[in-house]
Amino acid sequence: MDQPEPKPVRRTSPVLDTVLTLLVFAFFTWIMRDHVPSNDPVYIWVWGLITASCLTAVFWLAYQMGRAVYRAQRDAARK
């Protein structure tokens, strides 16, 4: 019988993904606050956080796709 291939997920991968995503979220929140057209600090933070969450989701998807492509290219080069 054929043995199933091991999954290419290491223990550090989820930790690295989480740390990078949180750093990007904090960076986008900090940047987006300047672009909210309001004088109320609560609205500035709320809309900055909402906008940063959308941008962070796009970053996370692009990061995961980049890792998958890199892994596929690396495995193809080994064969």
Handout entry: Count of residues meeting criterion [basic (Lys, Arg) and loosely packed, with under 14 Cβ neighbours inside 10 Å] in the range 17-66
Key = 0
Fill in the blank from the handout: For the range 55-68, pairs from a residue that is more than 13 Å from Leu22 (Cβ to Cβ) to a residue that is at pLDDT 95 or above and part of a helix (DSSP H, G or I), with Cβ under 7 Å and 6 or more apart or across chains, are Leu55/Phe28
Exercise for the section: Please name all residue pairs, on different chains or six or more residues apart, with Cβ atoms under 8 Å, provided the first residue is in the range 8-34 and is farther than 13 Å from Leu55 by Cβ and in contact (Cβ under 8 Å) with a residue 40 or more places away in the chain and the second residue is surrounded by 14 or more Cβ atoms within 10 Å (Cβ to Cβ) and not hydroxyl-bearing (Ser, Thr, Tyr). Expected result: Asp17/Trp60
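The values are calculated or read from the model by the stated rules, or taken from the named source; none is laboratory data. Keep in mind it's a predicted model, so treat the numbers as computed, not measured. Virtual Cβ from ideal backbone geometry, glycine too; neighbours counted across all protein chains shown.
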